[in-house]
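Have a look at the structure below before the remarks.
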Amino acid sequence: MTGVKNNVFGLTVMAMMVASLSVSTAMAETTSDHSGHETTVPATQSTHQQNPTGGSDKKEARKIIYYRNPMGLPDTSPTPKKDSMGMDYIPVYEDEAPKEDGTVRISMDKVQKMGVKTEVATLRSLKKSTRAVGTVQVDERKLQVVTLKYEGWIEKLHANATGQAVRRGQSLMEIYSPALVLAQQEYVAAIKARKSLAGADAETRATADELAESALIRLRNWDISEDQIKRLRTSGEIRRTLSVHSPMNGIILEKVAIQGMRAMPGEMLYRMVDLSTVWVVADVFEQDIGSVREGQSAEVTLRAMPGKTFSGKVSFIYPTLSTETRTVQVRIELANPDNLLRPALYATVNLATSDSADKVLTVPDSAVLDSGSRQVVLVDRGEGLFEPRPVKAGGKGDGYIEIIEGLREGENVVVRANFLIDAEANLRSALGHFSH
């Protein structure tokens with residue numbers, strides 16, 4: 001008895017919603033006498049209503065098995081009574097009590113008030129998809145840093161703000177370096193020596209050529225641009241400062257360079273990225289990762305741009321699983337020609353995991369009541385009779401869910417207000433046990 005009571009108390013909250021509908025139904029079963037007082041017609045007696053001709057129509061008697069609390073509390077009575085608020089206890093009729101097969105009957109009036117809606121289980125081609133959330137991230141393959149291969153001093157900055165867009169070959173700064181000045185001098189001297197030794201023997205000319213080539217290689221190894229080398233070769237002018245150029249088209253993510261600072265070899269001065277393509281890294285739950293494959297199509301939507309969809313493909317599935325979230329990261333590559341996709345934006349990803357032409361038995365998503373341990377649909381058997389039917393569900397897609405077993409094609413299932421019917425059935429079952 002204690003276990004039954006505990007079960008009943010657990011149903012009380014959901015029963016409150018059902019009770020309000022039951023009260024309105026019970027009120028409809030009252031009639032007014034000639035003196036203006038309301039009297040409840042006993043359900044065990046035949047009710048009579050005068051017709052215009054003075055005759056009477058008989059309604060079939062319904063047997064009451066007990067009365068239950070109007071607010072869904074675990075209290076029943078074999079006779080009519082009122083609660084502490086003066087509300088009549090609600091009769092539970094024999095044809096409304098839970099059947100041995102688990103079905104429950106609800107009056108058609110109450111079905112209408114609940115707003116019950118049904119739909120037929122049908123065969124259809126189901127486009128299954130997996131939904132995941134993630135963020136826009138930079139393409140790690142398009143990250144680059146700007147460093148020097150020699151010691152120098154920054155005399156002038158041309159790119160002096162984080163987020164600034166730069167073009168390949170654009171001058172970022174002017175550098176003064178004693179080593180660069182010396183390398184220029186050696187190259188110019190080697191070129192002049194080669195010209196002056198044009199009439200010398202072959203061995204002497206070869207030595208002069210080697211010195212000039214060695215000086216040229218040193219300048220190239222220090223990333224001096226070909227334009228600057230060409231100008232040095234033709235003019236012979238030794239420049240105090242040389243330009244450092246951008247190696248790519250992109251934006252500056254991080255700027256360390258400050259005008260006047262001393263820069264050491266290998267020290268990062270800029271960190272930049274090309275955003276013409278970006279990644280969306282999404283977290284897919286472990287139960288869904290088995291249906292995700294590289295090369296799958298993906299549709300990405302962003303909170304920042306509602307109504308706009310970006311299409312891409314799964315390029316990589318990460319090999320590890322997060323123990324905290326039980327998810328696996330999946331990478332989708334997206335073209336970003338207009339730079340609309342900014343790093344760190346939240347994204348929702350729909351992965352088309354299956355698009356088979358084979359038809360499967362389906363019902364709307366809302367038809368399945370999933371408790372975590374079991375899945376149930378409510379089958380409408382007509383005339384207010386509903387059967388809770390355990391089912392085995394499969395994949396989802398386009399607002400429908402596949403039913404693998406437990407249901408037949410053509411059966412009507414409840415798709416709206418089904419949780420109210422389920423609560424009513426559970427409450428009646430519990431109160432039925434409590435009344436014995």
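Restricting the range 416-431 to residues that are at pLDDT below 85 and closer than 13 Å to E119 by Cα, the residue that is surrounded by the fewest Cβ atoms within 10 Å (Cβ to Cβ) is A417.
Give R239, R220, R271 a once-over and let me know the one that is assigned to a helix (DSSP H, G or I) and charged (D, E, K, R). One residue alone meets the criteria, R220.
Among the residues in the range 370-380, are any touching a helix residue (DSSP H, G or I) at 6+ places or on another chain (Cβ under 6 Å) and farther than 30 Å from D139 by Cα? Yes.
Scanning the range 150-178 for residues that are farther than 30 Å from V278 by Cα and in contact with a strand residue (DSSP E or B) (Cβ under 7 Å, 6 or more places away or on another chain) yields a count of 11. Only one entry in T348, T353 is in contact with a helix residue (DSSP H, G or I) (Cβ under 9 Å, 6 or more places away or on another chain) and within 17 Å of D288 (Cα to Cα), namely T353.
Only residues that are at positive phi and either modelled with pLDDT of 75 or more or buried (at least 16 other Cβ atoms within 10 Å of the Cβ) (or both) were counted across the range 80-107, and they come to 1.
All conditions but one from (1) surrounded by 13 or more Cβ atoms within 10 Å (Cβ to Cβ); (2) under 27 Å from Y187 (Cβ atoms) apply to S276; the one that does not is (2). Filtering T325, T353 for residues that are in a strand (DSSP E or B) and among the β-branched types (V, I, T) leaves a single hit, T353.
Just a yes or no: is a residue in the range 394-415 at pLDDT below 90, over 18 Å from V116 (Cα atoms), touching a Lys or Arg at 6+ places or on another chain (Cβ under 6 Å) and surrounded by 17 or more Cβ atoms within 10 Å (Cβ to Cβ)? Looking through the range 394-415, at least one residue is at pLDDT below 90, over 18 Å from V116 (Cα atoms), touching a Lys or Arg at 6+ places or on another chain (Cβ under 6 Å) and surrounded by 17 or more Cβ atoms within 10 Å (Cβ to Cβ). T348: buried (at least 20 other Cβ atoms within 10 Å of the Cβ), of a type in the set (S, T, Y) and either touching a residue at least 60 places away in the same chain (Cβ under 8 Å) or not assigned by TED's automatic domain parsing to the domain that holds R416 (or both), yes or no? So T348 fails the test. Under the condition of being touching a Leu at 6+ places or on another chain (Cβ under 6 Å) and either at pLDDT below 95 or not aliphatic (A, V, I, L, M) (or both), the residues counted in the range 245-264 number 2. What about S291, is it surrounded by fewer than 17 Cβ atoms within 10 Å (Cβ to Cβ), more than 25 Å from E402 (Cα to Cα) and of a type in the set (G, A, S)? Judged against the criteria, S291 is not a match. Taking the range 243-259, which residues are touching an Asp or Glu at 6+ places or on another chain (Cβ under 9 Å) and among the hydrophobic types (A, V, I, L, M, F, W, C)? Of everything in the range 243-259, those that are touching an Asp or Glu at 6+ places or on another chain (Cβ under 9 Å) and among the hydrophobic types (A, V, I, L, M, F, W, C) turn out to be V244, M248, I251, V256. For the range 182-201, the criterion of being under 30 Å from V278 (Cβ atoms) and among the hydrophobic types (A, V, I, L, M, F, W, C) is met by none of the residues.
The values are calculated or read from the model by the stated rules, or taken from the named source; none is laboratory data. Bear in mind the structure is a predicted one, so any value in this text is a computation, not a measurement. Please note: Cβ atoms are built from the backbone with ideal geometry, for glycine as well, and neighbour counts cover all protein chains shown.
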